[in-house]
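The values are calculated or read from the model by the stated rules, or taken from the named source; none is laboratory data. Keep in mind the model is a prediction, meaning the values are calculated, not measured. Heads up, the Cβs are rebuilt from the backbone with ideal geometry, glycines too, and the neighbour counts pull from every protein chain shown. Ligands, DNA and RNA are excluded from the accessible area calculation, which covers all protein heavy atoms including side chains. Shrake-Rupley method; radii C 1.70, N 1.55, O 1.52, S 1.80 Å.
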Amino acid sequence: MNYSRFITAVSAARKASPIRVLTELMQRSPPSLISLAGGAPNPNTFPFKTASIAIGDRTTVEIGEELMKRALQYSASAGIPELLSWLKDLQKSLHNPPTIDYRAEEGQMELCVTTGSQEGLCKVFEMLINPGDTILLDAPTYPGTLAALRPLGCNIINVPSDQHGIIPKALKEILSRWNAEDAKKLTSNLPKFLYTIPNGGNPTGASLTTDRKKEIYQLARQYDLLVIEDDPYYFLQFNKPWAPTFLSMDTDGRVIRTDSFSKILSSGLRIGFLTGPKPLIDRVILHIQVSTMHTSTFTQVRAIKFPETDLLSKLVCVCHIMIAQLLQQWGQKGFLDHVDSVVDFYKQQRDVMLRAADKWLKDLADWHIPAAGMFLWIKLKGVSDTQELIMKKALEKQVLLVPGRAFNINSSDPSSYVRASFSLSSPSQIDQGFQRLAALIREAV
Ligand code: PMP
């Protein structure tokens, strides 16, 4: 892959921040090194000393004084090493990416921790998009993506999709406007990337089938597109086995994948991770160096639950700094068991919402059964645009949904859809909410 074709001048000009390089060097050095170099504050002056965090499985994450000092200190921009290696192992087990043993410049799989997957996405877009570039996505889509893309001045082309995600034939037709051979030129006007949410799409609840993914990946190869696989609902798939990801098919090193812990561990801690070809992930890390510097060390930190008196545990304690602690305590199996329990919850919630929809909305709306995620995408019959119905009348009736416009490439385009989320409401709230929505639709048509 010729990655330079994709990178903007701003991203190409990024150089390592010398202070960050020194900090990372210092943190990897043995205690015998006398460093007068760092600009890090002295953590003895910080007011927080220890923490004990109770976990749902009745264990605790203990953060002793030494570990707390590390948790409160600056750390590496890509993420703390022990969390990085845990996450790399996870990606290997879940996706077995073909690029794992490639040489760096050939697009070897690399990973970095991000402050939520949103940070990763935003930085990837800024790395790739020059004003005037063309990119492809299947709208309606996540407004956070659209809001990050619009100011960059790119042409956003909508690829038709249905409940199984992007329709490969439609993608092929769109791509036929270009000449694949142009990819060999230094400057080409080919689209740079295809962005999609492959599982439980926000807002549509659509999930791509494996066959479609394969066809889409082949088209990406033919037209030399990068594929941005934004997959925060990967762990919220209701049926097993989980679908193979684009990352698992990526023989070329053209897939950038964003994962998120927001739906399974915590959304407020702000932690996600970005996986993709090293030449591109390294550019994102350079950007992190000069923006957030790194995701909160405390969030990443791993403590251990052994007593402080145990020498071994003390050693482990200093070399492990909440998420990484938890993950190492759990291991992959414990993590995936937790994911299963989260999936059980969302599946029950989905089924409650589907029953309420059948009860109240049957003749008034259409929907499909989402195979993942937390959203039901509902098309109201006989309502050409849901904006006013939802933003005014529904509010008056004390029911809140998201009008479909919010997810359109052009937010002034009308939409007959509303997005209903089944994550937070109780069965009786879902039932009442749809009863109110049904009354509103009847009044409107
Ligand atoms: N992508 C999609 C499709 C989302 O729905 C969300 C969150 N709603 C994000 C990215 C951002 O997630 P995070 O909390 O990991 O930043």
Practice item. May I ask for the distance between the Cα centers of segment 217-243 and segment 81-97, given as a whole number of Å? Key: 17 Å
Point to revise | Inter-probe distance in nm under a simple model that places probes 7 Å from Cα toward Cβ, at residue 89 and residue 363 | key: 5.9 nm
Revision key, fill the gap. On the accessible surface of segment 341-426, probed at 1.4 Å with all protein chains in place, carbon and sulfur together account for a percent value of 50 percent
Exercise for review: Just add up the charged neighbours of residue 373: K/R +1, D/E -1, any other residue whose Cβ is under 13 Å from the Cβ of residue 373.
Suggested key: +2
Practice item. Would you grab the residues whose amide H sits under 5 Å from the one on residue 233? Only those 5+ places off in sequence or on another chain, please, with H modelled 1.01 Å from N. Key: 199
Check your understanding: Which of the trypsin sites (Lys or Arg not before Pro) found in segment 164-248 are in a DSSP loop and have at most 15 neighbouring Cβ atoms, other than their own, within 10 Å?
Key -> 177, 185
Review point. Residue by residue through segment 195-200, which ³J(HN,Hα) values in whole Hz follow from phi under the Karplus form 6.51 cos²θ - 1.76 cosθ + 1.60 (θ = phi - 60°), with glycine and proline marked x?
Key: 9, 8, 9, x, 10, x
Exercise for review: Report, by chain and number, residues whose modeled amide H sits under 5 Å from the one on residue 134, excluding near sequence neighbours (fewer than 5 apart, same chain).
Suggested key: 155, 192
Exercise for review: Using the Cα centre as the reference, give the magnitude of the dipole from point charges on the C-beta atoms of the chain (Lys, Arg: +1; Asp, Glu: -1; all else neutral), rounded to the nearest 20 debye.
Suggested key: 380 debye
Review point. Can you give the charge dipole size of segment 1-117 about its Cα centre, rounded to the nearest 20 debye, using +1 on the beta carbon of Lys and Arg and -1 on the beta carbon of Asp and Glu?
Key: 340 debye
Review point. Can you run phi through the Karplus equation (6.51, -1.76, 1.60; θ = phi - 60°) for segment 258-265 and list ³J(HN,Hα) in whole Hz, with x for Gly and Pro?
Key: 10, 10, 9, 9, 4, 8, 10, 10
Practice item. Set Lys and Arg Cβ to +1 and Asp and Glu Cβ to -1, take the dipole of segment 111-201 about its Cα centre, and tell me which of 193, 161, 183 lies farthest positive. Key: 183
Revision key, fill the gap. Residue-normalised value, i.e. accessible area per residue, for the chain at 1.4 Å probe, in Å², stands at 45 Å²
Study note, to complete from the structure: Listed by chain and number, the residues whose amide H is under 5 Å from that of residue 365, excluding neighbours fewer than 5 places away on the same chain and using placed H, are 381
Practice item. Provide the packing ranking of 116-122, 29-35, 152-158, i.e. peptides ordered by the mean count of other C-beta atoms within 10 Å per residue, highest first. Key: 116-122, 152-158, 29-35
Exercise for review: Quote the charge dipole size of segment 56-134 about the Cα centre in Debye, to the nearest 20; the model charges only the Cβ of Lys and Arg (+1) and of Asp and Glu (-1).
Suggested key: 100 debye
**Study point:** Karplus-derived HN-Hα couplings along segment 422-435 (A = 6.51, B = -1.76, C = 1.60, θ = phi - 60°), whole Hz, x at Gly and Pro
**Key:** 9, 7, 9, 8, 7, x, 6, 5, 4, 4, 5, x, 6, 4
